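Colleague: One structure follows; several queries about it will come next.
The values are calculated or read from the model by the stated rules, or taken from the named source; none is laboratory data. Please read all numbers here as calculations on a predicted model, not as lab measurements. Neighbour counts run over all protein chains shown; Cβ positions are idealised from the backbone, glycine included.
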Amino acid sequence: MAVSTSPAPVLPTALQPSPTALAALLGGRLRPHRRFIALILALQLVQALSLLLLPTLTADIVDRGILAHDTGYIMGRGGLMLAVTAVQAAAAACAVYLSARVAMSVGHDLRNAVFSRVQELSAREIGRFGAPSLLTRTTNDVQQVQTLVFMALILLLTAPLMGLGGIALALRQDVPLSGVLVVAIPVMVAVIGSLIGRLLLPSRAMQVRIDAVNRVMREHISGIRVIRAFTRDAHEQRRFAAANSGLMTVALRVGRLQALFGASAALVSGLAAVAVVAVGAPRIADGELQLGALLAFLNYLGAILTSFMMAMSVFMLAPRARVSAGRIGEVLDTEPGITEPAVPVRPAAARGNLDVRGLAFRHPGAEKPVLRCVDLIARPGQTTAVIGPTGSGKTTLINLMVRLHDADNGSVAIDGVDVRDMDRRTLASAVALVPQRAHLFSGTIASNLRYGAPNASDDELWHALETAQARQFVAALPDGLYTSVGQGGSTVSGGQRQRLAIARALVAKPRIYVFDDAFSALDNTTDAALRAALADEIGGATQVVVSQRVSTIRSADRIAVLDDGRIDDIGTHEELLRRSTAYTEIVTSQLTPQEAM
């Protein structure tokens, strides 16, 4: 069977970011740096004036010193040139340092802003962007904007001052030679204008291609076990090669444009210098022009065209930075679907009562709802289980309980208060979720266990590990509680990761525990021991257990059978065996008749 590689991502046809995106993004973030920017402008003024003074001093040395054989004049003017050069170098160094400081501060603020906004977004909004794209926007896109700010600050005043000052001083040296400028400057402006228009689309395409490379790389890393198990290494290599080649193709297109315009600008500068010499040499021979004036004019011509080259270097960065600003703005302008209540409500009494009433939810673009009119109650001291076939809506129900989504209809209430009326801190203190795919953060086992209770003591951590059947393997580690954990918990097994996640929930001591298939990676012996320990430790709390394993939930006080987004029936294991066809089908698919009784 032929294996096809994944196609390169399709680029949207409308790639034009908002013309004001860059200004809107930077306006408020540059304002706090007004004093630094004013100082940078002053330093650039000193730098530009120093650079413009040097050709005049050079002309004086040639005409009044070298040609007149006046050594004293040469030494005096030479010393002045050294002093001016030193001032120019000091001003340039200070301007570069301050520009870098402002640019890095802006980048720092943008990264913080994007990260803060992503933290506020629901799973639905994050899924719309995609994790690889959000990573690119937080790092690469911010870097593009930061680089533009740095270059613009360095050249903000220097380029126009050198251009305008160079034109004025060139005219002062010799008016007839200035005819070359009448041709050279418009040609250079045309080169720059053409560059801006032709770089915008490839710049946008490059960011999309970077997203694609990040996406394939992220999928490869997270799915490495599956890839190895199915020996799909070659297939994944082709996928990455396709994405990487797409990025290289666009990058080469941008590089060719930049090389073309760089060469064009150099050609214009070279031809202009040749034209000046061609016009000036006969006039020197005729005594109409001094050699020093010609040299000064050539220097001023270089300064004028260099100022345009400076502007071009900023303009070459501008299209990509403008695209990046638009992509960053898309994240910052996204309103979170789940917001904090204006006036948070706290339960009058913290008991742990959970009430789900008439709950309905549909994913965006889905043909039918995932949940329809779901009613469920869970009470302290009881274990309420939810079971159902794959795709029945179990995880969606759990996500609504902990407000990872907001219901389209109905409500989830804790101790009589709708979760939408609680602030996140209050909700988090009331409910602890242990997901099936337990996530551990880079750090130590202790730092992960303290995630919901930063002030928990080591004794509390060990007690939670004991209950979660994790104490033995943690104690055997070289550094115990303070053993380093790899990113995502990569240094521990799936079962160990689940037990650590359960221990983390126990340390937080909420009123309601929600286990979303949190025992799936455990063997039967560990599963039974863990459930017995939980009964002793948190028997007075409210427990909601979601599982596809009948053995995990059969002893629950109440079992809700979820089928096609609806509650089919609720009862004990024995009651459901007598009256629920859906539950009986699940049981008979997993247990023998003797085990089921």
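Residues are listed down the side, and each one gets a yes or a no for (1) touching a residue at least 24 places away in the same chain (Cβ under 8 Å); (2) part of a helix (DSSP H, G or I); (3) closer than 30 Å to Ser50 by Cβ; (4) under 14 Å from the mean Cα position of the chain (by Cα):
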residue	(1), (2), (3), (4)
Gly78	no, yes, yes, no
Ala89	no, yes, yes, no
Tyr97	no, yes, yes, no
Arg101	yes, yes, yes, no
Met104	yes, yes, yes, no
Ala113	yes, yes, no, yes
Val118	yes, yes, no, yes
Ser133	yes, yes, no, yes
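Colleague: If you check Ala560 against the conditions, is it small (Gly, Ala, Ser) and farther than 21 Å from Gly358 by Cβ?
Modeller: So Ala560 does not fit the description; no.
Colleague: Is it fair to say Val118 is modelled with pLDDT of 90 or more and in contact with a Lys or Arg (Cβ under 7 Å, 6 or more places away or on another chain)?
Modeller: no
Colleague: When you go through (1) over 30 Å from Ala350 (Cβ atoms); (2) in the same structural domain as Leu440 (by the TED database); (3) surrounded by fewer than 16 Cβ atoms within 10 Å (Cβ to Cβ); (4) of a type outside the set (Gly, Ala, Ser) one by one for Glu595, which number turns out not to apply?
Modeller: Result: Glu595 passes all but (2).
Colleague: Ok, one more. Say whether the condition of being over 24 Å from Arg225 (Cβ atoms), hydroxyl-bearing (Ser, Thr, Tyr) and under 35 Å from the mean Cα position of the chain (by Cα) is met by at least one residue in segment 506-522.
Modeller: Yes, some residue in segment 506-522 is over 24 Å from Arg225 (Cβ atoms), hydroxyl-bearing (Ser, Thr, Tyr) and under 35 Å from the mean Cα position of the chain (by Cα).
Colleague: Against the condition touching a helix residue (DSSP H, G or I) at 6+ places or on another chain (Cβ under 9 Å), of a type in the set (S, T, N, Q) and over 26 Å from Leu200 (Cα atoms), how does Ser269 come out, does it pass?
Modeller: No; evaluated as a whole, the condition is false for this residue.
Colleague: Right, another one. Among the numbered criteria (1) under 20 Å from Glu125 (Cα atoms); (2) crowded, with 17+ Cβ neighbours inside 10 Å; (3) of a type outside the set (Phe, Trp, Tyr), which one does Gly365 miss?
Modeller: (2)
Colleague: Further question: Would you mind stating whether Ala265 is at pLDDT below 85, of a type outside the set (S, T, N, Q) and either within 30 Å of Leu317 (Cα to Cα) or not assigned by the TED database to the domain that holds His439 (or both)?
Modeller: For Ala265, the condition - at pLDDT below 85, of a type outside the set (S, T, N, Q) and either within 30 Å of Leu317 (Cα to Cα) or not assigned by the TED database to the domain that holds His439 (or both) - is met.
Colleague: Find all pairs meeting these conditions: Cβ atoms under 8 angstrom apart; at least six residues apart or on different chains; first residue within segment 36-60 and more than 28 Å from Leu294 (Cβ to Cβ); second residue surrounded by 18 or more Cβ atoms within 10 Å (Cβ to Cβ) and of a type in the set (Gly, Ala, Ser).
Modeller: Note: pairs meeting the criteria are Ile40/Ala95; Ile40/Ser99; Leu43/Ala91; Leu43/Ala92; Leu43/Ala95; Gln44/Ala91; Gln44/Ala95.
Colleague: Given (1) crowded, with 20+ Cβ neighbours inside 10 Å; (2) under 25 Å from Leu148 (Cα atoms), where does Gly255 come up short, assuming only one miss?
Modeller: Status for Gly255: all satisfied but (1).
Colleague: Which ones in segment 325-340 are closer than 11 Å to Glu125 by Cα and of a type in the set (Gly, Ala, Ser)?
Modeller: Gly337
Colleague: Moving on. Scan segment 414-425 and tell me whether some residue there is small (Gly, Ala, Ser) and either modelled with pLDDT under 90 or crowded, with 16+ Cβ neighbours inside 10 Å (or both).
Modeller: No, segment 414-425 contains no residue that is small (Gly, Ala, Ser) and either modelled with pLDDT under 90 or crowded, with 16+ Cβ neighbours inside 10 Å (or both).
Colleague: If Leu332 meets every condition in (1) at pLDDT 90 or above; (2) surrounded by fewer than 23 Cβ atoms within 10 Å (Cβ to Cβ); (3) within 30 Å of Arg549 (Cα to Cα) apart from one, which number is that one?
Modeller: (3)
Colleague: Just one of the numbered conditions (1) outside the structural domain of Asp415 (by the TED database); (2) at positive phi is not true of Lys509; which one?
Modeller: Just one mismatch for Lys509, condition (1).
Colleague: Where residues in segment 379-432 are touching a Gly at 6+ places or on another chain (Cβ under 8 Å) and acidic (Asp, Glu), which of them is farthest from Glu340 (Cα to Cα)?
Modeller: The selected residue is Asp415.
Colleague: Looking for whichever is touching a helix residue (DSSP H, G or I) at 6+ places or on another chain (Cβ under 6 Å) and touching a residue at least 60 places away in the same chain (Cβ under 8 Å) here; the options are Val402, Val345, Val412, Val374. Which one fits?
Modeller: On inspection, the qualifying residue turns out to be Val345.
Colleague: Can you tell me which condition Leu301 does not meet? The list is (1) assigned to a helix (DSSP H, G or I); (2) surrounded by fewer than 22 Cβ atoms within 10 Å (Cβ to Cβ); (3) at pLDDT below 85, and all the others hold.
Modeller: (2)
Colleague: For Val213, are the conditions met, namely being touching a Leu at 6+ places or on another chain (Cβ under 6 Å) and at pLDDT 85 or above?
Modeller: yes
Colleague: Kindly establish whether Asn214 is polar (S, T, N, Q), free of Cβ contacts under 8 Å to residues at least 40 places away in the same chain and part of a helix (DSSP H, G or I).
Modeller: Considered against the rule, which asks whether it is polar (S, T, N, Q), free of Cβ contacts under 8 Å to residues at least 40 places away in the same chain and part of a helix (DSSP H, G or I), Asn214 comes out as no.
Colleague: If Ala168 satisfies all but one of (1) buried (at least 21 other Cβ atoms within 10 Å of the Cβ); (2) without any contact (Cβ under 8 Å) to a residue 40 or more places away in the chain; (3) of a type in the set (Gly, Ala, Ser), what's the number of the condition it fails?
Modeller: (1)
Colleague: For Val276, which of the numbered conditions (1) free of Cβ contacts under 8 Å to residues at least 24 places away in the same chain; (2) buried (at least 18 other Cβ atoms within 10 Å of the Cβ) fails to hold?
Modeller: (1)
Colleague: Yes or no: segment 198-213 includes at least one residue that is more than 30 Å from Leu317 (Cβ to Cβ) and touching a helix residue (DSSP H, G or I) at 6+ places or on another chain (Cβ under 6 Å).
Modeller: No, the conditions are met nowhere in segment 198-213.
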